[in-house]
Structures are given as C-alpha cells and as structure tokens.
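*Asks:* Below: one structure in structure tokens.
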Amino acid sequence: MKEDWERAEPPASLSVEEVNALVRPVFGGRNVTAAYRIGTGLSNSNYKLEVEGYQEPYVLRLYREEEGIAEKEQAISLQLSGSLPVPRMLHMDWSRASYVSPWAVMEWKEGVLLRDVLQSRKQPLIASAADSVGRVLAQIHEHTFAAAGFLGKSLEVTQPFIMDNTRFLAFIEDCLLVRGASVWLGEELASSVWAFCQTYAPILSAQEDVPVLVHSDFNGLNILVTETPECKVSAVLDWEFAFAGSRLVDIGNMLRYEEEGSFVETRLIRAYEQQYGQPLPPHWRLRMKLEDLVALCDMLSRSTKSMPNRIQDLKRLIAKTLERFSGYAF
C-alpha cells in the first residue's frame, strides 16, 4: 500500500515559530506550543498543532501550488462534514499573502490508519473496519452529478469527460508513448499493456452508472478508524483529487492490494452493496481494474529515476492485472 514510495517533492518544513506566525491570528493570538508533521501523504503537508488554552489539537494543512485544490477541499468539507466523517475546515487562506501556497486549519480527527488495522491480522477488527469502509464509501457515492468530469472550486463540473473506450485508449497511449511510462515498464510489458487495453476497453463504453462523487485516492492511507469497541471510520482525508465519475474508481483504489475474493474484499463489497441498495455491475472486477490502470499508468508516467520503490510497485501492480485478466471473457 504505497509502502516506501518516494515523494515528488520534499514535505514543507516549518518551525514552531513559523507556524505561530501563520496561525496565531486564527486562535485569537494564542500560541501554538507544539507542531508535529504527520501523515503519509505524498503531495501536501500536514502538521498536528497543540494550542495553549485548547484541549483538542488541530491540523495545519499546507497545499501544493496547484490552482483550486484548497477551494475544492473546502467545498467538499462544507457539503459532507455534517453527514460523513470528513474533517471540518475552520480557517482557509488561499491568498498567498502569508505563505507561498494555500493553507488551512482543520479539526483533528481521532483514529488510526486503516492500513495499520488491515495489517494487524486481528480478524474481528478487520471485519468491522471493512464493513464500515464499505458503508461510508457507498454514502459518499450517494452524491451524484449530472455529468462526469473534473470539479471546480464549488464542486461544479468544469471539465466534462467520460472515461469511455475512446478516451481510455487515448489516455493510456499518451501515458505509454508520450509521457514515458513505457520506459519504466520495458518494451515487452508496455506492448502487453497496450494490447490488453485495446482488447478490453470496449467494456467501459457499456457502463451506464450515474456519475458520483469520487474521492480518487480512497485507500488505507487516507482513512482513519477507531479501534474500540469495533472499528468504524472516523475520517476520510485528502480530497484533493476528487472528481465526478465512476464509483468503480474508488473501489479499485481501495482493493488495489487485495487478492480477489479476499476476506476484506468480501466484507467491504457486501457492506457497500447493502448500503448503496444495488449490486455492482456485471464484470465489475474487470471494469474496476481498467479504471485503476488509468491511475497506475498516470502515476508511472509521472515517476522519475529518483523513485525506484514507486516504479517497482506500480510495475508489479500493472503486471498483476494483466496476468489475472488476460483471456477474460465478457
């Protein structure tokens, strides 16, 4: 699960004094007494803050430079935090007047990473965690859109697109031949990926799902759960990549490292379908893996030689998909 992946850029590094200069006005002039860098994210940076006079901690989130990410996360927080385990944003500044990029102060959510629970081998905890994750994901997907596409600052679809046969093949071809993913895959595996995609891409055009709110990085590194008395999702974090699209994107991301038919998959999908009120579509595993190939090839095309762990993991995941589904009849 992205173990030991390298970051494209080092995380932001701020001293307590620098943090205080930034956020002291948010807390009415009170001082931050401690600031700890937290999280496993590979793009933005987060600090846990302890503030004099406040019992609860807070989170300082420092965004990358990309336009609109902070505003989109704020809009998602406003829309979802009342009904779903999404942290509330208490203060947002995207003016760049006091820092080089947008930043926010967010509420602190208690819990441990879902990844740690899944790796604990404690089956009762894993079972309740998978059940809770499936239900929460279905609730996220109850938020629908008239069209698929990238979301703007107010959660409107600003760049419509449909990941059908034609767009899928164009994107994969761009990743392989223009943006350099084939360099990391090697000629033989890259050729196999292209042949596989040409064979199975038509199934994407057969999808009729209503576009839903897709987290797009929904996995054990962005989900917090409580451990007692049973595992329940306490927070879904890092919504920067959210868009309107197929619900299979999130399911594929969540199950990326799971074996087909695993205990976690079985529990999660059952809870998801019960909450969502309808079963997943025919050939959902193949469709899910095709959607996930988009993400894998995109991340591989953005990799550099300074990221050997990331490249090796992505290459392994892609090869595993081809091994499982080559020859699949639909």
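FYI, it's all coordinate maths here, none of it is from the lab. Treat the numbers as computed from the prediction; the structure is a model and nothing was measured. Cβ coordinates were reconstructed from backbone atoms using ideal geometry, including for glycine residues, and neighbour counts include every protein chain displayed.
*Asks:* Determine, for I76, I203, the number of other Cβ atoms within 10 Å of each Cβ, and report the residues in order from fewest to most.
*Replies:* Values: I76 23, I203 18.
Fewest to most other Cβ atoms nearby, the residues stand as I203, I76.
*Asks:* For segment 165-265, list log₁₀ I(q)/I(0) at each q in 0.15, 0.16, 0.17, 0.18 Å⁻¹, using the Debye formula over Cα point scatterers of equal strength and ignoring solvent, two decimals each.
*Replies:* -0.85, -0.94, -1.03, -1.10
*Asks:* Something else: Which translational diffusion coefficient, to the nearest whole µm²/s, is obtained for segment 62-190 from the Stokes-Einstein equation, given a Kirkwood hydrodynamic radius over C-alpha pairs, 4 °C and 1.567 mPa s?
*Replies:* On the way: Rh = 18.5 Å.
D = 70 µm²/s.
*Asks:* Between beta-carbons, use under 15 Å as the cut-off and find the net charge around G180, counting Lys and Arg +1, Asp and Glu -1.
*Replies:* On the way: positive: R179, R302, K305, R310, K315; negative: E173, D174, E187, D298.
Here the count lands on +1.
*Asks:* May I pose another question? Under a 5 Å amide H to amide H cut-off, with H placed in plane at 1.01 Å, what residues pair with R88 once short-range neighbours are removed?
*Replies:* E107
*Asks:* Still on this structure: Whole percent per 5 Å bin, from 0 to the bin with the longest distance: what is P(r) over all C-alpha pairs of segment 16-107?
*Replies:* Cα pair-distance distribution for segment 16-107, in percent: 2, 14, 24, 25, 20, 11, 2, 0.
*Asks:* With N residues in the chain, what two-decimal value do you get for its Cα radius of gyration over 2.2 N^0.38 Å? Walk me through the intermediate numbers first.
*Replies:* Numbers: Rg = 20.3 Å, N = 330, 2.2 N^0.38 = 19.9 Å.
Normalised Cα radius of gyration, the chain: 1.02.
*Asks:* Here's another thing I want to ask about it. Using mean Cβ contacts within 10 Å as the protection proxy, how do 123-135, 306-318 order, highest first? Show your work: numbers first, answer last.
*Replies:* Values: 123-135: 20.3, 306-318: 17.3.
The peptides rank, most packed first, as 123-135, 306-318.
*Asks:* Continuing with the same structure: If a cysteine in the chain has no other Cys Cβ under 4.7 Å from its own Cβ, put it on the list, ordered by number.
*Replies:* Cysteines lacking a close Cβ partner in the chain: C197, C231.
*Asks:* Which one of P308, W284, T266 is farthest out on the positive end of the charge dipole of the chain, using unit charges on Cβ (Lys, Arg +1; Asp, Glu -1) and the Cα centre as origin?
*Replies:* Value: T266.
*Asks:* Which order results if V51, V100, V225 are arranged by neighbouring Cβ count within 10 Å, fewest first?
*Replies:* Working: V51 22, V100 9, V225 27.
In order of increasing Cβ crowding within 10 Å: V100, V51, V225.
*Asks:* Can you compute 3J(HN,Hα) from phi for each residue in segment 305-315, using the Karplus curve 6.51 cos²θ - 1.76 cosθ + 1.60 with θ = phi - 60°, rounded to whole Hz and x for Gly and Pro?
*Replies:* 5, 7, 10, x, 5, 4, 4, 4, 5, 4, 4
*Asks:* Shifting gears a bit: If you line up the long axis of helix 69-80 against the longest principal axis of the chain, both from Cα atoms, how many degrees apart are they, to the nearest 10?
*Replies:* Roughly 90 degrees between the two axes.
*Asks:* Here's something else I'd like to know. Determine, from the Cβ-Cβ distance of E142 and A8 and an R0 of 35 Å, the FRET efficiency 1/(1 + (r/R0)^6), rounded to the nearest 0.05.
*Replies:* Values: r = 33 Å, r/R0 = 0.95.
With R0 = 35 Å, the Cβ-Cβ based efficiency is 0.60.
*Asks:* Give me a comma-separated list of calculated 3J(HN,Hα) values for segment 222-239, in order, Karplus coefficients 6.51, -1.76, 1.60 applied at θ = phi - 60°, integers in Hz, x for any Gly or Pro.
*Replies:* Using θ = phi - 60°, the values come out as 10, 10, 9, 9, 7, 9, 9, x, 9, 6, 9, 5, 9, 6, 10, 10, 6, 9 Hz.
*Asks:* To test your reading of the geometry: what angle, between 0 and 90 degrees and rounded to tens, separates the Cα axis of helix 187-200 from the longest principal axis of the chain?
*Replies:* With rounding to tens, the tilt is 80 degrees.
*Asks:* What does the extension gain come out to for F150 and Q207, with contour length at 0.36 nm per residue minus their alpha carbon separation? Please report the intermediate quantities before stating the final value.
*Replies:* Values: separation 57, 0.36 × 57 = 20.52 nm, distance 1.86 nm.
Between F150 and Q207, full extension yields 18.7 nm more.
*Asks:* Sort K232, K289 by Cβ crowding within 10 Å, fewest neighbours at the top.
*Replies:* On the way: K232 19, K289 25.
By the 10 Å Cβ count, ascending: K232, K289.
*Asks:* In addition: Defining a contact as two alpha carbons under 8 Å apart and six or more residues distant in sequence, what relative contact order in percent does the chain show? Don't skip to the answer; put the middle values down first.
*Replies:* Values: 548 pairs, mean separation 64.7, N = 330.
Computed over the chain, the figure is 20 percent.
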